[in-house]
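Only one structure is covered here, and it is reproduced in the block below.
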Amino acid sequence: MKLEAIEIRTVRMPLVSPFRTSFGVESVRETLLVRVVTATSEGWGECGASEEPLYSSEYTHGATEVLRRHLVPALLRAEIRDAHALAPALARFKGHRLAKSALEAAVLDADLRAQGVSLSHALGATKTRVPCGVSVGITDTIPELIEAVAGYLEAGYARIKLKIEPGWDLDPVRAVREEFGDIELQVDANASYQPADSRHLAKLDDFELSLLEQPFAADDLLGHARLAKAIATPICLDESILSARGAAAAIEMGACSIINIKPGRVGGYLEARRVHDVCSAHDVPVWCGGMLETGVGRAANLAVAAMPGCTMPGDTSASDRYFATDLTDPFVLRDGHLEVPTGAGIGVTPNADVLDEVTVEREWITGAEA
Ligand code: OSB
Ligand code: MG
């Protein structure tokens, strides 16, 4: 495939409500979109990075910089045959998985659109609609949390994930369990605990949670393995899993029994499929995580959520959970499910007017400059 030009756009979109986690509050989603233009088609990818490097070391301006200075010029010079050749062509550049994923997603979208094949088909997805969960941020008070959860349950979400941190764990979880009874409930600590907190975390066993996500630091696989032996609640890893090889190691060590797949975190949708396959081979359930994506990233994530090993509802929530106006036609929750796009590529295209309105920076890079 001949890549003619690549556009990088920084967008800023207000969230409908501030999203608070143990590492900070996000009120505006600042991220970047990549558009790839070929002789016969065009493709879009979204970057999971945010304004500040709080979830991982990547952040929007850093991702823009590594794309413009290193990844895009190298890709244009590499003259790759298809999207599968992108990761090998960029492998000498260490890290920057969120940035690489956005670029690969755009190339994959362009490639699949040219072939008239949907991303879900290309990934071997088997579902046409997927049950959706919602990730509920930390609130100032428990009544505010109860109100937020009540709204999401009323909207039909199939499971609730509560963000926790030291000082915001047992009481809010107990309150939600008591108020709403037998709902599917899980918690995400975003690496905010220490192994010394293990006895405290074991008290979560009282609440029959589906899982405890990423209690310890990303590089503490041993700590997670020890905790998994000490508590009944299944451990799920997010930040720790950066590749299919890493997933295999974490599973073999007993560091987790469930994995949250975020395509950006593992460097792209093709590696996400490999993580899925490793997990399926070990009977480890997976689910598709989220990074507060616009409709562009959400469409692609729905293809991941539709893969056969994704047996738990993911963080692929409807457009109105995030934005008043999405970049694409809105994804609407029906009966707790979102439909998996069936069109070629990711199956959606950003609305040009909305996109221009939220764009704060844009640049084109062509083969000539590379
Ligand atoms: O840990 O899963 C996480 C959002 C940003 C960064 C990390 C995480 C999250 C979420 C939100 O939990 C998931 C979503 O709805 O996109
Ligand atoms: Mg998480």
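The values are calculated or read from the model by the stated rules, or taken from the named source; none is laboratory data. Treat the numbers as computed from the prediction; the structure is a model and nothing was measured. Glycine also receives a Cβ, built like all others from the backbone with ideal geometry; neighbour counts cover every protein chain displayed. Surface areas here come from the heavy atoms of the whole protein model, side chains and all, with no ligands, DNA or RNA. Shrake-Rupley method; radii C 1.70, N 1.55, O 1.52, S 1.80 Å.
Structure data summary
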{"quantity": "Near-label residues of the stretch 41-62 by backbone N, under 19 Å of a point 7 Å along Cα→Cβ of residue 366", "calculated": "41-43"}
{"quantity": "Bins of 10 Å, starting at 0 and running to the largest distance - Cα pair percent for the stretch 121-339", "calculated": "8, 35, 37, 18, 1"}
{"quantity": "Rounded percent of accessible protein surface that carbon and sulfur make up, the stretch 28-167, 1.4 Å probe", "calculated": "51"}
{"quantity": "Probe 1.4 Å, accessible area per residue of the chain, Å²", "calculated": "41"}
{"quantity": "The chain - share of DSSP beta bridges that are antiparallel (%, nearest 5)", "calculated": "60"}
{"quantity": "Dipole magnitude of the stretch 121-339, debye to nearest 20 (Cβ charges: Lys/Arg +1, Asp/Glu -1, about Cα centre)", "calculated": "740"}
{"quantity": "Placed amide H near residue 361: partners under 5 Å, 5+ positions off or other chain", "calculated": "10"}
{"quantity": "Straight-distance crosslink candidates among lysines, where the alpha carbon sits under 20 Å from residue 203 and sequence neighbours closer than 8 are dropped", "calculated": "161, 163, 229"}
{"quantity": "Cα-based shape type of the stretch 46-171, given that a ≥ b ≥ c are square roots of the gyration tensor eigenvalues and the cut on a/c is 1.5", "calculated": "oblate"}
{"quantity": "Accessible-area ranking of 61, 121, 276, largest first, probe 1.4 Å", "calculated": "121, 61, 276"}
{"quantity": "The stretch 139-209 versus the stretch 59-91: alpha-carbon centroid distance in Å", "calculated": "39"}
{"quantity": "Estimated FRET transfer efficiency when R0 is 30 angstrom, pair residue 208-residue 54 (beta carbons, to 0.05)", "calculated": "0.50"}
{"quantity": "Computed helical MRE - 222 nm, the chain, DSSP H runs ≥ 4 contributing -39500 (n - 2.57), nearest 500", "calculated": "-9500 deg cm²/dmol"}
{"quantity": "Modelled FRET efficiency - R0 30 Å, residue 61 with residue 115, Cβ distances, 0.05 increments", "calculated": "0.30"}
{"quantity": "5 angstrom amide H check on residue 29, placed H, neighbours 5+ away", "calculated": "13, 15"}
{"quantity": "Under the Karplus curve 6.51 cos²θ - 1.76 cosθ + 1.60, θ = phi - 60°, whole-Hz ³J(HN,Hα) for the stretch 7-20, x wherever Gly or Pro sits", "calculated": "10, 10, 10, 8, 10, 10, 10, x, 7, 5, 8, x, 10, 9"}
{"quantity": "Rg/Rh (Cα only; Kirkwood hydrodynamic radius) as it applies to the chain", "calculated": "0.96"}
{"quantity": "Tail weight of P(r) past 24 Å, computed on alpha-carbon pairs of the stretch 212-370, percent", "calculated": "42"}
{"quantity": "Spatial extent of the stretch 1-103: Rg and Dmax, with the Cα atoms as the point set, Å", "calculated": "14.7, 45"}
{"quantity": "The stretch 71-85 - phi-based ³J(HN,Hα) in whole Hz, Karplus 6.51/-1.76/1.60, Gly and Pro as x", "calculated": "5, 5, x, 5, 5, 5, 6, 6, 6, 6, 7, 7, 4, 5, 7"}
